[in-house]
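Here's the structure, in structure tokens; my notes come after.
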Amino acid sequence: MQAFDTHEVRNTVAPFENVNLYAADPALQEALLREGAADAAASLHALGAELGRAETLDLARLANLYPPTLHNFDRQGQRIDEVEFHPSWHGLMALLIGHGTHSSPWQGGPGAQVARAARYLLFGQLENGSQCPVTMTYASVPALKQAPRIAARWLPKILSNDYDPRLLPIEQKRGAIIGMGMTEKQGGSDVRANTTRAEPVLPSEARALFGEEGEDVFRIVGHKWFFSAPQSDAHLILAQTDTEGSAGLSCFFLPRYLPNGERNAIRVQRLKDKVGNRSNASSEVEFTGAYGWLIGKQGRGIPTILEMGSHTRLDCVLGSAGAMRAALTHALHHARRRVAFGRPLAEQPLMQNVLADLALESEAATVFAMRLARCFDEISDPLQAMLARVLTPAGKYWICKRGPGFGAEAMEVIGGSGYVEESPLARLYRELPVNSIWEGSGNVMCLDLLRALSKSPEAREALAAELALAGNGDTFFVAYRSTLMADLTQQQPDEFTARVLAERVVLAVQAALLLRHAPGYVSAAFMASRLKREPGGAYGRLPPGVDCAAILARALVE
Ligand SMILES: Cc1cc2nc3c(=O)[nH]c(=O)nc-3n(C[C@H](O)[C@H](O)[C@H](O)COP(=O)(O)OP(=O)(O)OC[C@H]3O[C@@H](n4cnc5c(N)ncnc54)[C@H](O)[C@@H]3O)c2cc1C
């Protein structure tokens with residue numbers, strides 16, 4: 001050391017990068033195989049390596065450091081409403097779209113939803129803002145199939161794995177992305193409060209304007225308070241119609257370019273300055289006589305767009321499971337290397353308790369999310385459809401709700417260096433609350449679960465059948481399951497306690513899956529900490545006797 005050198009840099013930890021995110025995660029690999037997508041294992045292995053590379057991980061940093069910019073006008077003062085992105089954003093989108101994360105389940109094949117879920121979960125460990133437009137595009141497909149003419153023209157572009165960000169009429173594009181607009185200033189959860197109105201265009205006028213495409217055309221006036229990915233080629237939106245006999249909300253397809261080559265009247269007012277999800281453009285818009293094409297029946301807009309909602313909610317569960325997994329891997333990688341008081345943090349009992357608790361939460365989220373994805377593969381089976389009806393809102397509530405606390409705890413494992421912008425934990429921490437807010441906020445999900453359970457005995461039966469698969473070997477689980485099912489059958493739906501109910505449903509399903517499929521040291525610790533005692537607010541409350549070393553060795557294979 002030179003005389004004036006102040007210090008030697010040591011006992012700091014190199015970033016978690018150049019790892020195979022898939023190979024590092026035994027719980028995800030096992031879930032992929034058992035939920036019916038074994039054929040995708042090799043491609044996921046390759047994707048895990050690609051996403052874990054330092055250069056790929058850096059795209060996430062850059063896309064959030066240089067968020068999108070809105071240009072309302074060009075140099076000549078013409079209205080353009082275009083969003084400019086950093087090249088890293090396009091790199092992320094090209095990866096997501098190139099791997100069919102928006103399209104593969106609609107192109108068939110056994111286990112396609114499960115394989116796509118595993119890919120989405122891996123992408124969730126890379127960058128979350130770019131997952132938003134990809135999710136909306138994926139989820140738009142079932143709704144669009146209700147409008148055969150639009151589907152014939154648009155689906156080949158939507159299902160293309162060629163990312164094409166150019167703002168052009170659809171005929172000139174290699175691929176297209178789709179957004180959705182429901183939320184207005186006066187109501188997001190309660191979309192019936194929407195004031196945006198749609199008036200039918202006379203058939204003769206519509207045909208004169210749009211030729212063969214001049215069917216079911218409406219003119220739309222109003223606004224949307226949240227309208228993510230305004231750069232999308234089209235959006236599905238809700239607007240009020242008032243045609244005799246079918247008043248109410250209807251669903252419309254709003255392309256950015258009209259079939260006659262003109263731009264649609266969608267004015268992007270500004271981009272939101274968000275807590276997280278900063279790489280993604282979320283806007284406020286006004287429709288000043290935009291043209292929209294009716295999707296589904298008039299007055300049936302909510303069920304039409306809810307078909308989209310069930311898929312976006314699945315992605316919220318997958319996205320939170322992915323972001324929690326990312327937080328865990330950064331924390332564990334750090335704790336294995338950082339020495340305090342003479343030993344690596346990961347070898348110190350109290351830190352082991354915290355890390356193992358986080359690892360259990362992450363594995364439980366992963367197995368739940370992958371099981372839910374299989375319901376979507378088997379949605380034509382009424383039992384699986386019913387199970388999805390129950391587990392989607394319950395999982396969207398509980399797993400997304402666990403995210404922010406998880407992110408904070410993982411940040412604390414890294415200490416002060418976790419709480420700076422250079423740390424990926426800062427981005428993850430800001431990212432984690434959003435899955436709980438959009439696509440139906442926590443309370444709304446719990447109320448939806450109550451609706452599902454109280455409306456149909458089949459919903460309870462589907463849950464009972466899933467829980468029964470865990471058998472009768474664990475007496476504590478059997479008792480927990482019996483009490484839950486008895487409460488579901490005997491108690492009146494109670495809004496006041498709906499969060500507790502959703503939590504119990506998810507914990508029971510997670511425990512059942514872990515009992516069936518995870519090593520005994522994982523399921524025993526999960527049961528001891530989540531079912532036998534109140535979870536409490538903090539991590540690191542595992543009871544004595546838990547095999548933390550085994551849990552941590554499984555949690556991250558480095
Ligand atoms: C980053 C971001 C991007 C978004 N992008 C889009 C988009 O692209 N398209 C789009 O349509 N929307 C989008 N949203 C909007 C989002 O879906 C809404 O914010 C969300 O649905 C909640 O609606 P709200 O904000 O109007 O809140 P409110 O509806 O006012 O709800 C506020 C709170 O009250 C609770 N609540 C509501 N009703 C009840 C009840 N009956 N009992 C108990 N509690 C209740 C809710 O759970 C919530 O916690 C986006 C939001 C964010 C944060």
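The values are calculated or read from the model by the stated rules, or taken from the named source; none is laboratory data. Remember, it's a predicted structure, so these values are computed and weren't measured experimentally. Neighbour counts run over all protein chains shown; Cβ positions are idealised from the backbone, glycine included. Just the protein is used for accessible areas: all its heavy atoms, side chains included, with ligands, DNA and RNA removed. Shrake-Rupley method; radii C 1.70, N 1.55, O 1.52, S 1.80 Å.
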Quiz item: What is the one condition in (1) hydroxyl-bearing (Ser, Thr, Tyr); (2) part of a strand (DSSP E or B); (3) within 28 Å of THR69 (Cα to Cα) that SER232 does not satisfy?
Solution: (2)
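Identify all residues within the range 145-158 that are outside any helix (DSSP H, G or I) and surrounded by fewer than 18 Cβ atoms within 10 Å (Cβ to Cβ); write none if there are none. Walk me through it before giving the result.
Step one: of the range 145-158, the residues outside any helix (DSSP H, G or I) are 145-147.
Result: LYS145, GLN146.
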Quiz item: Out of the range 1-57, which residues are more than 22 Å from the chain's Cα centre (by Cα), of a type in the set (Phe, Trp, Tyr) and open to solvent by less than 70 Å² (accessible area, probe 1.4 Å)?
Solution: PHE16
Self-check item: Test for ASP81: is it exposed (fewer than 15 other Cβ atoms within 10 Å of the Cβ) and not β-branched (Val, Ile, Thr)
Solution: no
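Here are some residues: ALA331, ALA290. Which one is assigned by TED's automatic domain parsing to the domain that holds GLY222, over 17 Å from the mean Cα position of the chain (by Cα) and either buried (at least 24 other Cβ atoms within 10 Å of the Cβ) or basic (Lys, Arg) (or both)?
Values: ALA331 fails: assigned by TED's automatic domain parsing to the domain that holds GLY222.
Going through ALA331, ALA290 in turn, just one is assigned by TED's automatic domain parsing to the domain that holds GLY222, over 17 Å from the mean Cα position of the chain (by Cα) and either buried (at least 24 other Cβ atoms within 10 Å of the Cβ) or basic (Lys, Arg) (or both): ALA290.
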Quiz item: For SER204, which of the numbered conditions (1) among the polar types (S, T, N, Q); (2) closer than 25 Å to ARG149 by Cβ; (3) open to solvent by 40 Å² or more (accessible area, probe 1.4 Å); (4) in contact with a helix residue (DSSP H, G or I) (Cβ under 7 Å, 6 or more places away or on another chain) fails to hold?
Solution: (4)
Exercise. Give the number of residues within the range 532-558 that are part of a helix (DSSP H, G or I) and in contact with a helix residue (DSSP H, G or I) (Cβ under 9 Å, 6 or more places away or on another chain).
Key: 7
Self-check item: Subset of the range 510-528 that is surrounded by fewer than 22 Cβ atoms within 10 Å (Cβ to Cβ) and of a type outside the set (Ser, Thr, Tyr) - its residue that is farthest from GLN384 (Cα to Cα)
Solution: ALA528
Exercise. Kindly indicate which of LEU531, LEU507 is surrounded by 16 or more Cβ atoms within 10 Å (Cβ to Cβ) and touching a residue at least 60 places away in the same chain (Cβ under 8 Å).
Key: LEU507
Quiz item: When the range 424-447 is examined, which residues are found to be more than 6 Å from the ligand (Cβ to nearest atom), in a helix (DSSP H, G or I) and open to solvent by less than 20 Å² (accessible area, probe 1.4 Å)?
Solution: LEU425, ALA426, LEU428, GLU431, SER436, MET445, CYS446
Self-check item: First in the range 426-446 and modelled with pLDDT of 95 or more, second anywhere and near the ligand (Cβ under 6 Å from one of its atoms) and open to solvent by less than 10 Å² (accessible area, probe 1.4 Å), Cβ under 8 Å, 6 or more apart
Solution: ARG430/ASN277; GLU431/ASN277; VAL434/ASN277; SER436/GLY442
Quiz item: For the range 182-194, how many residues are outside any strand (DSSP E or B) and open to solvent by less than 80 Å² (accessible area, probe 1.4 Å)?
Solution: 7
Quiz item: Quick one: how many residues across the range 272-301 are more than 13 Å from the ligand (Cβ to nearest atom), closer than 25 Å to VAL434 by Cα and among the β-branched types (Val, Ile, Thr)?
Solution: 0
Quiz item: Can you spot a residue in the range 240-257 that is touching a residue at least 60 places away in the same chain (Cβ under 8 Å), away from the ligand (no atom under 12 Å from the Cβ) and open to solvent by 10 Å² or more (accessible area, probe 1.4 Å)?
Solution: yes
Quiz item: What do you reckon, is GLY98 modelled with pLDDT under 95 and either open to solvent by 10 Å² or more (accessible area, probe 1.4 Å) or closer than 18 Å to LEU318 by Cα (or both)?
Solution: no
